[in-house]
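Trainee: Below you'll find the structure I mean.
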Amino acid sequence: MATKKKSDKLKKLPSKQKVDTPEGYFGEFGGRFVSELLIPALDELNAAWKKYSVDKKFHNELTALYTEYAGRPSLLTYAPNLSARWKAQVYLKREDLLHTGSHKINNTLGQALLAHKMKKKRIIAETGAGQHGVATATAAALMKIPAQIYMGSEDLRRQALNSFRMKLLGAQVVGVGGEKGTLRDAVNEALRDWAKNVDDTYYLIGSAIGPHPYPTMVRTFQSIIGREARAQFMKMAGKLPQAVFACVGGGSNALGIFYGFLKDTKVDLIGAEAGGRGLTPGNHSASLTAGKPGVLQGALTYIIQSGDGQVHNVHSISAGLDYPGVGPEHAYLLKSGRTQYVAVRDKQALEAFQELSESEGIIPALESAHAVAAAKNYVADLSKKGKKNPAILICISGRGDKDVEEVERLLALPVEPEIVEEVPTAQQFTTAPTVKVIAGGE
Ligand SMILES: Cc1ncc(COP(=O)(O)O)c(C=O)c1O
């Protein structure tokens with residue numbers, strides 16, 4: 001497993017850099033790199049976000065939706081069997097138990113409520129694994145706003161169940177990107193639609209990606225995960241965890257849980273990216289571990305790109321991680337040294353998917369299985385150094401019902417030969433970023 005290590009001397013957030021600025025920068029990352037057509041829509045959204053994010057009534061309405069509709073607080077579960085196997089104290093934050101089966105509902109309820117306040121007549125969204133699409137269709141149905149969901153054709157195949165769920169919920173599902181279409185194609189199509197229909201349409205983005213204010217807004221809605229988890233962990237374990245793990249696609253569940261522990265600088269915050277078949281181009285989606293700074297879909301962040309700055313094809317067994325970029329705040333956190341990222345291979349994620357299912361009776365989403373695998377490796381590494389029985393927290397971002405057919409298919413395939421892993425070149429942002437790739441809003 002490849003690791004992007006944090007440097008010990010940089011464990012704290014650097015005080016000199018500006019974070020979460022009014023322009024949407026996290027250090028040098030983030031911003032709004034979009035076509036001029038979208039600027040008025042982003043300004044309108046930002047103004048609404050600024051108003052409602054400090055509005056008590058909005059906050060109370062959202063809290064009621066979280067508790068009475070979505071099922072918050074989600075449980076913190078001690079995993080006794082995994083703990084015995086790994087020789088650790090393993091705790092799971094159970095976002096899989098929420099309504100619609102993943103953390104995505106935290107964000108869609110927040111944004112759909114905002115769309116309702118903004119009196120928008122139509123919601124559009126992109127989806128990869130379908131979980132965000134389902135959560136959007138659900139929130140849109142509740143708010144009585146028609147929804148149209150863009151989904152890559154390859155994702156439509158591997159997440160057919162979620163596509164049907166969205167239709168049942170009254171949403172229109174549109175396949176995009178040709179035969180191999182994935183999340184990136186879906187985001188591009190949604191941005192194109194938004195540029196054409198800015199007046200009456202709300203673009204409900206599904207992760208902490210895209211132009212300002214989306215990364216801040218989505219992270220804020222998801223930070224409920226970390227706030228709850230920290231209090232629950234203190235209550236159950238009587239101490240803080242040594243490390244917190246979450247998978248990173250666009251990065252919203254990871255930011256959500258990390259936010260509860262950012263100031264606890266003794267707690268390791270570890271994001272699990274999709275290492276796919278290995279870190280050679282086209283075989284993974286590990287933007288932070290093996291990407292470079294560049295602009296994708298409206299923000300300056302780490303992206304997987306070819307030598308001339310074009311977005312490279314990516315791969316993951318998990319549709320929700322199959323994305324060539326990552327939220328800009330993760331790029332900043334990586335650079336600051338507060339977080340670290342590891343690339344988990346498809347095979348390791350599949351094993352973790354089975355191990356959690358068999359040992360605890362919890363079938364995780366394939367995305368979440370990446371976090372489980374990263375945690376297992378972390379415990380094994382500590383054990384080699386003689387450090388025993390660490391208390392750790394893993395974010396189970398979603399449940400695996402959507403993945404069982406795909407996993408059955410994958411387990412029946414002949415074992416693929418291992419690809420020799422290339423050691424990624426240093427990715428710290430020491431040179432001028434590539435800003436050639438502006439995929440959204442054209
Ligand atoms: C269950 C689940 N976990 C994680 C992710 C990755 O998204 P993010 O990195 O924004 O949390 C997805 C995306 O679809 C998902 O469905």
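Here, each number is a calculation from the coordinates, and none is a lab measurement. These numbers come from a predicted model, not from an experiment. Ideal geometry is used to build each Cβ from the backbone, glycine not excepted, and the neighbour counts take in all protein chains shown.
Trainee: Which of the pairs Lys335/Lys387; Lys120/Lys347; Lys51/Lys292; Lys87/Lys402; Lys347/Lys384; Lys263/Lys387 have their Cα atoms more than 32 Å apart in this structure?
Mentor: Lys120/Lys347; Lys51/Lys292
Trainee: Based on the Cβ-Cβ distance of Val415 and Arg157, what FRET efficiency does E = 1/(1 + (r/R0)^6) give at R0 = 25 Å, to the nearest 0.05?
Mentor: For R0 = 25 Å, the calculated efficiency reads 0.65.
Trainee: Which helices count as membrane-span-like in the chain under these terms: full DSSP H, at least 24 Å along the axis by C-alpha, Kyte-Doolittle mean of -0.5 or more?
Mentor: 366-384
Trainee: Under the 0.36 nm per residue contour assumption, what length would be gained going from the current alpha-carbon distance of Thr67 and Lys385 to full extension?
Mentor: Full extension from Thr67 to Lys385 adds 110.2 nm.
Trainee: Taking 0.36 nm per intervening residue step and subtracting the Cα-Cα distance, what contour gain separates Lys121 from Val174 on full extension?
Mentor: Here the answer is 17.2 nm.
Trainee: In addition: Tell me, what ³J(HN,Hα) does each residue in region 250-259 have, in order and in whole Hz, if you take phi through Karplus 6.51 cos²θ - 1.76 cosθ + 1.60 with θ = phi - 60° and put x for Gly and Pro?
Mentor: x, x, 7, 5, 5, 4, x, 7, 4, 4
Trainee: With a point put 7 Å past each Cα toward its Cβ, work out how far Lys144 is from Ser53 in nm, to one decimal.
Mentor: Reported label-point gap for Lys144 and Ser53 is 3.0 nm.
Trainee: Another question about this same structure. So how much slack lies between Glu358 and Met234, counting 0.36 nm per residue of separation and subtracting their Cα-Cα distance, in nm?
Mentor: Working it through step by step, the gained length comes to 41.9 nm.
Trainee: Can you figure out the FRET efficiency of Asp199 with Glu351, using R₀ = 60 Å and their beta-carbon distance, to the nearest 0.05?
Mentor: Once the sixth-power term is evaluated, E becomes 0.75.
Trainee: Rg and Dmax of the chain, using alpha carbons, in Å: what are they?
Mentor: Final numbers for Rg and Dmax: 19.9, 60 Å.
Trainee: Another question, if that's okay. Can you tell me the equivalent ellipsoid semi-axes for region 21-140? Use √(5λ) from the Cα gyration tensor, largest first, whole Å.
Mentor: 32, 19, 15
Trainee: Which order, highest average first, do 202-210, 217-225, 378-386 follow once you tally other Cβ atoms within 10 Å for each residue and take the mean per peptide?
Mentor: 202-210, 217-225, 378-386
Trainee: Can you return the aspartates and glutamates within cross-link range of Lys180? Criterion is Cα-Cα under 13 Å, with same-chain partners fewer than 8 residues away left out.
Mentor: Within reach: Glu154, Asp155, Asp322.
Trainee: Between the alpha-carbon centers of region 335-349 and region 38-72, tell me the distance in whole angstrom.
Mentor: A separation of 31 Å, based on Cα centres.
Trainee: I would also like to ask the following. How many nm is it between the label spots at Leu75 and His312, if each spot is 7 Å from the Cα in line with the beta carbon?
Mentor: So the label points at Leu75 and His312 sit 4.2 nm apart.
Trainee: Once the mean 1/r over all distinct Cα pairs of region 296-375 is inverted, what Kirkwood radius in angstroms do you read off?
Mentor: Its Kirkwood hydrodynamic radius stands at 14.2 Å.
Trainee: If I histogram all Cα-Cα distances within region 41-90 using bins 10 Å wide from 0, what percent of pairs lands in each bin?
Mentor: The distribution over region 41-90 is 22, 22, 22, 17, 15, 1, given as percents.
Trainee: Further question: Quote the relative contact order of the chain in percent (integer), defining contacts as alpha-carbon pairs under 8 Å separated by 6+ residues.
Mentor: Result for the chain is 22 percent.
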